[in-house]
Amino acid sequence: MEKGGRSYLGVEIKRPRVAFFELSSCEGCQLQILNNEASLLSFLSLVEIVNFREAMSIRSDDYEIAFVEGSVTRADEEERLKRIRKRAGVLVALGSCACFGGVNQLKNRFNDLEWVKHEVYGDHPVETREVQPLSAFVEVDLSIYGCPVKKEEVEQIVTNLVLGKSVDHPRYPVCMECTAKGNTCLFELGEPCLGPITRAGCDSWCPDNRMGCWGCRGPADEANIIQFREVIRKHNIPEEVMLDRMECFGGFRHILKEMKGKQDKGQME
Amino acid sequence: MKLTCDISVKHLTRVEGHGNIEICIKDGQVEKASWDVVETPRFFEAMLVGKRYENAPYICGRICGICSIGHTLASIRAVERAFAMTPSAQTEKLRLLLKHMETLQSHILHLYFLAAPDFLNATSVLELIEPHPEEVQRAARIKLLANDGADLIGGRRLHPTRTVVGGFTMLPDRSALASLERRLQAVIPDLKQAAELFASFTIPDFNRETEWVSLKGEGSYPFIGGQLISSDGVVKGEDEYLAMTNEYMVDHSTSKWSRLSRKSMAVGALARVNNNSSFLHPLAGEIAALLGLTGLTHNPYMNSIAQLVESVHVVEDSLLLIGELLGSPWQEARQIVTPREGSGVGAVEVPRGILYHYYSFDSSGRITKADCVIPTSQNNANIHYDLHELAAVMADQGKDDREIRRLAEMLVRAYDPCISCSVH
Amino acid sequence: MLFRVFVKKELETLYEILAVNHVVGPTSRGMAKRGKELFAFDYLYDFQDLRLDFTTTTHSLKPFVLPFQETLSSFIIEDGSWEKHVDLNIYKQHVFFGVHACDINALNKLDKVLSEQAYPDPFYTGKRRNMFIIGIDCHPQPFCFCRSMGTDTVLHGFDMYLTDLGDSYFVEIQSARAWDILQQIPTAEPDEEDHRRFVETVEARNREFSCQVDTSDLTKILDLEFQSPVWEEWGKQCLSCGTCANVCPTCYCYGVSEHVDLDLQGASKIRQLYSCNLIDFAEVAGGHNFRPDSSSRLKYRYYHKHRGFQEAFEESLCVGCGRCGQACLAGITVPDVIASVRGQEEENE
Amino acid sequence: MNKLEFVDVMPSQGKFMRKTDLTSFEYSYQAEITSVYPLTATEKLYQIRIIDTGLRQSFNFQPGQFVMLELPGIGEGPFSISSSPTRHGDIELCIRAVGNLTHFLDRVPRGTVVGISGPFGTGFPVEKMEGSDVLLIAGGLGIVPLRAPLFAVLENRSRYKRIDIIYGARKPSELLFTYQHQMWRQFDINLDIIVDEGDADWTGPVGRITEILEKRIEVSSGNLSRKTFAIVCGPPVMFKFVCNMLIDAGLPMQKIFVSLERRMHCGRGKCCRCNIGATYTCLSGPVFDYWEVMNMKEAI
Ligand SMILES: Cc1cc2nc3c(=O)[nH]c(=O)nc-3n(C[C@H](O)[C@H](O)[C@H](O)COP(=O)(O)OP(=O)(O)OC[C@H]3O[C@@H](n4cnc5c(N)ncnc54)[C@H](O)[C@@H]3O)c2cc1C
Ligand code: SF4
Ligand code: SF4
Ligand code: SF4
């Protein structure tokens, strides 16, 4: 494919230079992109990858779109992130770690960071701090949710980005996608599921496999938490199970904080 | 000629995670040669404390994107052993099959995307697309098959959705399983071609005597659970994993180090082949012989070759497993879990070596203590000492900077380190 | 209308005769937690899987005529110009073996909008034209209120309709195709005894209905109670998740989105069924939302089904199958909502 | 032999099932953007011509109707035709860049081929208005759908009596079609323009549209002649005030016409997105008389 780019309906489309970076993460989201066996070539003709440590040795600091995976857990990561932000025209938070802190932020629930360090490393000194999503430090232009991200969705998002189309996430919850598939609702089977309050877009990945949703995409717009608690209660599922899941990826952290605040004030029944 | 050089590779590429190589040679003497893991730690062991048991496999799978299936399975095994549960034969077969899919996909990813560019003078697989289209397509084909297989059994190729304590949430579609079988059969010629390709590469000639640690085969090539063995003759039970790993911290690395009978040890494909080659399936055995993998091999660069041999082995083994699974009707997918107080260890051979998860629970099934020992942390010390020795040999041979750097990078890559895993 | 009877064991022959086509029928999906059996319509490959004794299915037949996602058109893009292709996705004849009256009525209602109005939808119509429907008498469930909606019997829209008389089936034949097919199995003209048993069976079934909705003057009452505070209450419970619309046999609204292929050489226009309870259902570009809160959206759903459709077609867009109430995790059911709007909550508790 | 015969819907006959009905569902005319005029910072006027000459000539619409405009892969949306009905398939659309499709349209060059389907919806009954006074009231983008009936009236100016245009915008810079205002006046049209806030160059009145309307009603000494028709287009808040004033001034509800806006995905009375109650804005509207509006819950 020619370097210069092409046009779509008469509008010139540039082939942007794209870089991938990772902070604290499992690198699974990047792997999802490498896992595009069938469409990798089209992907490469759409964008020019100039930095992808997991797959290539050459690196460049000249890029337009930066995909950043992972959350920030150390000062050096914050600096790296800020440097990336300066260079990138568009900064994309790739995956739930980058968007919300991901599983990494589970350690934040211990108030005592020293205990956390000691639990894993004993007396050996290690540096770490409260886990934060990218948005705590820099402006994020676009979030791609999911743990892991869904490659079909990433492809669509990248295509839209290149075309200058806006990227719209579904605003409704996972149930919409799940019931559309004709699945049997997991609550019928006695399983917990965060589908009713979690943002859709994953195509009900987990419920399709009879695993209740864990909320990796964070809350849907207008997630009705009060009613959802009622649902959990009615189905005799321990509230702890719901809280474990809401806590898992960090997407619900604001809501949990609010719930906790209310509880502390004794406002909840 | 007295050689002097200063090599510093900050964030080695084409490996999973962040690690640095430093080599400093002055007048032919190696002053410093080290392998430093600088990945940020994530503290999974702490995260788990206080969580109910079903969180363990779900969260721990996220230690690593490449071997998430292995982590999930090790975690499940630890929980099940703590609760004194025995998985059904069907569950065991499905888990092993799922494990094979991960092994195949990870090995192919490493062989073609991470290692092969070094032998073909390229910086990335992207550069191989034009000169070697069939090879790249072949790699993509095998990887796709392995990924599809993982989707079919585990629900998702990474961070699987169907694997839970007690079994599976859902069983694969039988006709899809049959078609996986056909695709696996069809991939054998591809693997033979891959073997030919790797046979044409010049594997650097470098040997350092090493203690190889793996699961101990009992009648078959081991992947999930069983006794632990080292090539120096140590044999221990699964629960005694701590005595096999002896983790300790060093200053320049955020990942822990390990040792057994010597100052360092190694795990991984080469360790497994070294310790269990008699259990390889016929074609895998043939290919091992063809590629010069016989007897105890102490050349770490041969780890890639061992991965290739294992790729063939897992395909052969998967065919047998699918045959057995399709030979009988589906049984119950999932057992009921009854938590109890206790602790358990799960040892699983993941692509990069032996992985241990350990948890202890209170009577309601909440985790009171967790420990995960990852293959790469078991290898770190060995990589480090290998680098030192390599630098010394190179300095003796008067190799230039570039060559030393190339071989050093290749050496680390040969171990296929999984760094974010190791600093979980 | 023509009637026949045939002995039960001939049902399998009938199935085998029709099995050369795609056969869709009720089949078991295992047990729910509360010990009740779950059923679904699905493709059948074996007579043994056909469960004519099914209670109800969680999902209706809708996906077979209005798939959740459907490509309306695709484009080949070549630089400045493009070409549009429309594939109606009409597949071969399907036999629907074992459909209750409510679901046949639901299809008839969908026809009104999708096939019989201006701009008939060829995607839907094409599938509708290629259906062979075998109806079967139902077993009323505690949540079925089809009798209130006048959809407990069906007058047209099927090929044959079976009523279980114990050792034989009583068949009502509505199409020549059905007649021809029945020629291939031994059937008999129903005699006096069959007539008597048929009437008895129907009466016994009618006695089983327990759930009711008062629909008298409902359109007026809905208008009068447009500002009623009960809507707020229901709105608070609604999860805005769209489940009710997905399981409903008559909800048909959708959204259209366009996608460009990764290689920029093709594009497609896809429609996806939507739900009026989803937050952005009525939001327009720029952010104005005509129904920003869940209560106004939920109200609209009832308003459309029980008032608007009534106004347009003199019937309600609800067949009283009760699926939405069963599937709703918040437990919002049509009988409860309508009773509350009428100010009759207590009676229904 | 038991294979049921496949029924192709295309050649089938029936009341609403003519082949043309079914094929037209996803049909769109290919049309070329022949020119683009930027009007303000966010609005552009697009001249769009159906490429096939025959189809272009047979494309007929009523003022007030809209088309669905489609850019493959980008989006499709409803747009009021803003040109004279006598120009057939050579139409003008005035489009504000607000979302996906409209922003992309903002970028396409002249010559781009778009898809057009329609015309859809109801129109303003301009023939019925002959012999009467016509009051055109537009707020903001509301001037766009008003332009089609205006053209129809201008082309037959002598058949109408007094014609008023009351046009309000937020700022002078947001006024549309300023280049045509002089021409309208030449056709003996009373054009009154008012803005919410003026700028340095603005000499006209500042305030609400209702202020002008009040003056207009005063001219008729508080009572609009029963031979007056009003057409009102603009943001939802405007409708209520303006229409109530007109009713107070004695205008019957059936003589007040409004054009409503709702989200639309098909334009063909299927997708339900534009429903008000169960009334399809795309089939029964967008043009409604005020009696119909009063009878629809949540219409304004
Ligand atoms: C009868 C009618 C006539 C209109 N005439 C004009 C006009 O002459 N000029 C003009 O600039 N705008 C007009 N609009 C509004 C125009 O349709 C929307 O601004 C446009 O659809 C937004 O599309 P988008 O893809 O840019 O926005 P997005 O926010 O990306 O919208 C996505 C989709 O939602 C639907 N949608 C969003 N907003 C609206 C809306 N306001 N009305 C209808 N559908 C919407 C469309 O299907 C659109 O494709 C009219 C709307 C209606 C209903
Ligand atoms: S399984 Fe989960 S996502 Fe699906 S309908 Fe039930 S609650 Fe919703
Ligand atoms: S179902 Fe839930 S946890 Fe699973 S991928 Fe979707 S949002 Fe994430
Ligand atoms: S009862 Fe509910 S699901 Fe059934 S037709 Fe009526 S609205 Fe639809």
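The numbers here are math on the coordinates, done by the rules we state, and not lab data. All figures in this text were calculated on a predicted structure; none of them were measured in a lab. As a convention, Cβ positions derive from the backbone with ideal geometry for all residues, glycine included, and neighbour counts pool all protein chains shown.
Between the amide H of C:Leu72 and those of C:Lys269, C:Ile270, C:Arg271, distances stay under 5 Å, these residues lying 5 or more places away or on another chain, with hydrogens modeled in the peptide plane.
If you wrap the Cα atoms of the protein assembly as shown in a convex hull and average its projected area over all directions, you get 56.9 nm².
Within the shell defined by Cβ-Cβ distances under 13 Å, the residues around C:Met131 carry a net charge of +2, with Lys and Arg each +1 and Asp and Glu each -1. Across peptide A:126-133, the average count of Cβ atoms from other chains found within 10 Å of a residue's Cβ is 2. Counting neighbouring Cβ atoms within 10 Å and putting the fewest first, the residues D:Thr53, B:Thr123 line up as D:Thr53, B:Thr123. Computed about the Cα centre, the dipole magnitude for the range C:192-232 is approximately 60 debye when only Lys and Arg (+1) and Asp and Glu (-1) carry charge, each at its Cβ. Specify the inter-centroid distance of the range C:78-94 and the range B:135-203, based on alpha-carbon positions, in whole Å. That distance is 34 Å. The value of relative contact order for the range B:82-205, using C-alpha pairs under 8 Å at least six residues apart, is 25 percent. Taking amide H as placed 1.01 Å from N in the peptide plane, B:Ile224 has its amide H under 5 Å from the amide H of B:Glu349, each at least 5 places away in sequence or on another chain.
Here is how the number arises for chain D: DSSP H runs of 4 or more residues each give -39500 (n - 2.57), the sum is divided by the residue count, and the result at 222 nm is -6500 deg cm²/dmol. Classify chain B from the C-alpha gyration tensor, please: rounded if a/c falls under 1.5, else prolate or oblate depending on whether a/b exceeds b/c. Oblate is the answer for chain B, as a/c is 1.5 or above yet b/c matches or exceeds a/b. In a GNM of chain B with a 10 Å cut-off on Cα contacts, which of B:Thr103, B:Thr376, B:Thr202 has the highest mean-square fluctuation? It is B:Thr202. Each Cα pair under 8 Å and six or more residues apart adds its sequence gap; the mean of these over the residue count of chain C is a relative contact order of 21 percent.
With an 8 Å Cα cut-off and a minimum separation of 6 or more residues, compute the relative contact order for chain B in percent.
Result for chain B is 27 percent.
Each residue of the range A:242-259 is assigned a 3J(HN,Hα), and the resulting list reads 5, 5, 3, 6, 5, 7, 4, 10, x, x, 9, 4, 5, 5, 4, 4, 4, 4 Hz, derived from the Karplus form 6.51 cos²θ - 1.76 cosθ + 1.60 (θ = phi - 60°), x at Gly and Pro. Per residue, chain C reaches -8500 deg cm²/dmol at 222 nm when only DSSP H runs of four or more residues are counted, each adding -39500 (n - 2.57). Among B:Lys143, D:Lys240, sorting on how many other beta-carbon atoms sit within 10 Å of each Cβ, with the fewest leading, yields D:Lys240, B:Lys143. If you sort the three axes of the alpha carbon gyration tensor as a ≥ b ≥ c, you get a/c of 1.5 or more for the range A:43-190 and a/b no higher than b/c, which makes it oblate.
Along the charge dipole of the protein assembly as shown, which of B:Ser220, B:Ser253, A:Gly218 sits closest to the positive end, that is, farthest toward it, with unit charges on the beta carbon of Lys, Arg, Asp and Glu (+1, +1, -1, -1)? My answer, from the dipole projection, is A:Gly218.
Distances between placed amide hydrogens fall under 5 Å for C:Phe209 paired with no residue 5 or more residues away or on another chain. Comparing Cα centroids, the range B:30-94 and the range A:159-212 end up 26 angstrom apart. Computed from backbone phi, the HN-Hα couplings of the range C:328-342 come to 5, 5, 7, x, 7, 10, 4, x, 5, 5, 5, 4, 5, 5, 7 Hz, rounded to whole numbers (Karplus: 6.51 cos²θ - 1.76 cosθ + 1.60, θ = phi - 60°; Gly and Pro given as x). Per-residue Karplus couplings for the range B:220-234, computed as 6.51 cos²θ - 1.76 cosθ + 1.60 with θ equal to phi - 60°, are listed in order as 8, 5, x, 10, 10, x, x, 7, 10, 9, 10, 5, 8, x, 7 Hz, Gly and Pro entered as x. Taking chain B as a Gaussian network of alpha-carbon nodes connected by springs under 10 Å, the highest mean-square fluctuation of the residues B:Asp386, B:Asp27, B:Asp317 belongs to B:Asp27. Between C:Asp137, C:Asp49, C:Asp159, the Gaussian network model of chain C with springs among Cα atoms under 10 angstrom shows the greatest mean-square fluctuation at C:Asp49.
Checking the a/c ratio against 1.5 first, then a/b against b/c, what shape does the Cα gyration tensor give for chain D?
prolate
Taking the helices alone, chain B has a mean residue ellipticity at 222 nm of -14000 deg cm²/dmol, built from -39,500 (n - 2.57) per DSSP H run of at least 4 residues and averaged over all its residues. Based on a Kirkwood Rh over C-alpha pairs, give the Stokes-Einstein translational diffusion coefficient of chain A at 25 °C and viscosity 0.890 mPa s in µm²/s. Value of D from the Cα-based Kirkwood radius: 122 µm²/s.
Each of B:Glu332, B:Glu238 was scored by other Cβ atoms within 10 Å of its Cβ. Arranged with the fewest first, they read B:Glu332, B:Glu238. Rounded to the nearest 20 debye, the dipole magnitude of the range C:213-349 is 320 debye, with +1 charges on Lys and Arg beta carbons, -1 on Asp and Glu beta carbons, and the Cα centre as origin. Of the residues D:Tyr27, D:Val67, D:Thr40, the one whose Cα sits farthest toward the positive end of the charge dipole of chain D, with +1 on the Cβ of Lys and Arg and -1 on the Cβ of Asp and Glu, is D:Tyr27. Dipole magnitude for the range D:22-120: about 220 debye, using +1 per Lys or Arg Cβ and -1 per Asp or Glu Cβ, origin at the Cα centre.
The separation of the range C:156-189 from the range D:238-300, counted between C-alpha centres, amounts to 50 Å. Axis of helix A:225-234 versus longest Cα principal axis of chain A: the two differ by about 50°, to the nearest ten degrees. Think of the protein assembly as shown as a dipole: +1 on every Lys or Arg Cβ, -1 on every Asp or Glu Cβ, centred on the Cα centre; then among C:Ser216, B:Gln90, B:Ile23, C:Ser216 lies furthest on the positive end.
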